[in-house]
Structures are given as structure tokens and as C-alpha cells.
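Colleague: Handing you this structure, nothing more for now.
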Amino acid sequence: MISANDIHKRFGSTEVLRGVSLHIDKGDVVAVIGPSGSGKSTFLRCLNRLESIDRGRIDIEGETLVDTDAAGACRYAADADSRRICRKMGMVFQQFNLFPHLTVLQNVIEAPVTVKGLTREAAIPAAEELLRKVGLAHKRDAYPSHLSGGQKQRVAIARALAMEPDIMLFDEPTSALDPELTGEVLRTIRQLAEEHMTMIVVTHEMAFARDVSTRVIFMDGGEIIEERPAAEMFASPAHPRTRAFLNHLA
């Protein structure tokens, strides 16, 4: 589903990603953990071209989004192809980024109507089903200002799912929430995992990473330090840096 090879990314003089490689198969739920500033979110943003890489190759479902030529220059697919490839992935951010002037239902149907060209009549039933899925059917006509943080994030998940992606990317989806609201968002993501949605989840929620993911990636200093099945990662991490990180959280 995703093949990222030797990804490098620099912001000015700071090398944020230093040769990251990761391969995701259909149905994988991969949790990416690590300290702040380790490159986790940047890597996620590189996968769907919210950030451009400096070197490496990314393939999505067998199609090349970007590759590096013999001269060392990155070559992205043509814009129309890039957009099509990136639409295979939905992304949920730390902040909810809902349109404040639109209702919950309008937020969910906006992209299918404007990007995919669906009529409102065609988009609404699917959007209503997604709102039922995330437990917010009763909020379809509410505005974001009338929602809790957890509800806003669940609307953001429904909005991403409305584009029918094959892969979901979550960038610390609970980091902006009060602790008591975290559980409702994690339950929604857990449900997607049970439905075998392919997902990469950058998270600080260690219990979620242990219980829901099929694999856990530990990143530090712009590199993948360790990658193991979830149960093994938390029971007996192999790398001293991983052990120190997990022990600090215990």
C-alpha cells in the first residue's frame, strides 16, 4: 500500500528526516511513537505531499508519487497524477480544521462535492452514514462552535472518510484534546482498525499503540530506531533508546 524508501527532509540547516524507509501492507495498523521533534509528523506529511522530500522514493499502491533521479533531484508525478495518488490517503490532523461557517453535515460533504464532483443529493446519504459511524448523527445540523473537541475530531475523521480513501493517516489525533475526550476518538480509530482499514497513526497514546496496532515504529532524531510487532515492542524493546523512552513513560 505504501512504500517509502530512504526519505530525507531538511528545513534550512536542520535535517528532520535522515533516510527513513517504511513499508505498509493492506490492513496494517502502524503506530509511530517517539519523542517530540523526532520527525514523526514530518514523515506523515511527506507521504501525501504536504511536505516535499529532498531525496528518496514514495510509492502508493504501486504508483510512484516521487523518485530521485541520477543527478539527485526529486521528481514528483505530474500535478494531476500527484493529486489522484494523494487522494488515496485521508489525513486527520492534531487540529480539527473544520469550516466554522458550515454545519457538521456540510463539512463532511464539502470535499466529495467540490473535489469528486458529487451532487449534494448523492453525497448526503453517505455523509449521514459516516456520522452514524462516528456517533454524531444527532449533530448533523450543528456548527463546530457547538461541539466538544472530541466531537470535532470525530467529524474530522468522518470528513476524511467521505473521500473513500484506501489509507488513513492520523497525526497525533488526540493531542489537542482534554484527557476525558481522548477515549471517544480512540474508540473511533479502533473501530476502523477492526474493519481492517490500513492506517498509520502518530500517537503518544501508548496503550492504544500496544493494543490496536499491528506494528510499532519508534523514531528518534529523524530516523527509525526500531520497528517491531506491537506486543514485542512493549514487552521487550531491543534498542536501548526505545527502552529508555518507554521506561520514562511507564
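Colleague: Would you please give the FRET efficiency between E61 and E227, computed as 1/(1 + (r/R0)^6) with r the Cβ-Cβ distance and R0 = 22 Å, to the nearest 0.05?
Modeller: 0.55
Colleague: Another one. How big, in percent, is the set of alpha carbon pairs in region 1-138 lying more than 21 Å apart?
Modeller: Tail fraction, whole percent: 53.
Colleague: Per residue Cα convex hull volume for region 83-133, in cubic angstrom?
Modeller: Measuring per residue, one finds 102 Å³ for the Cα hull of region 83-133.
Colleague: Which value in deg cm²/dmol, rounded to the nearest 500, describes the helix-derived mean residue ellipticity at 222 nm for the chain, given -39,500 (n - 2.57) per DSSP H run of n ≥ 4 and division by the residue count?
Modeller: -11000 deg cm²/dmol
Colleague: Now for a different question. On average, how much area does the Cα convex hull of region 96-242 cover when viewed from any direction, in nm²?
Modeller: Projected over every direction and averaged, the Cα hull of region 96-242 covers 9.8 nm².
Colleague: May I ask you to list the GluC sites (Glu not before Pro) in region 174-211 that are in a DSSP loop and have at most 13 other Cβ atoms within 10 Å of their Cβ?
Modeller: Those that pass, being in a loop and sparsely packed, are E195.
Colleague: Which of K88/K116; K26/K139; K88/K133; K40/K88 have a Cα-Cα distance over 24 Å?
Modeller: K26/K139
Colleague: Per 0.36 nm of contour for each residue apart, how much would the distance between R187 and A70 grow if the chain were fully extended, relative to their Cα-Cα spacing?
Modeller: Extra length from R187 to A70 when fully extended: 37.5 nm.
Colleague: Mind sorting I217, I225 by how few other Cβ atoms lie within 10 Å of their own Cβ, fewest first?
Modeller: I225, I217
Colleague: Turning to a different aspect of this structure: Pairwise over distinct Cα atoms, reciprocal of the mean inverse distance: report the Kirkwood radius of region 1-57 in Å, one decimal place.
Modeller: For region 1-57, the Kirkwood estimate is 11.8 Å.
Colleague: Another question about this same structure. Largest first, please: the extent of the C-alpha atoms of region 98-164 along each principal axis, to the nearest Å.
Modeller: Sorted largest first, the three principal extents are 30, 23, 17 Å.
Colleague: Further question on the same structure: What is the magnitude of the charge dipole of the chain about its Cα centre, with +1 placed on the Cβ of each Lys and Arg, -1 on the Cβ of each Asp and Glu, and no other charges, expressed in debye to the nearest 20?
Modeller: Rounded to the nearest 20 debye, it is 320 debye.
Colleague: Looking at the chain, send over the antiparallel percent of its DSSP beta bridges, to the nearest 5.
Modeller: Close to 60 percent.
Colleague: Tell me, K139, K40, K26 in order of fewest to most beta-carbon neighbours within 10 Å?
Modeller: K26, K139, K40
Bear in mind that the values in this text are calculations on the coordinates, not laboratory data. Since this is a predicted model, take the numbers as computed values, not measurements. Cβ: placed from backbone, ideal geometry, glycine included. Neighbour counts: every protein chain shown.
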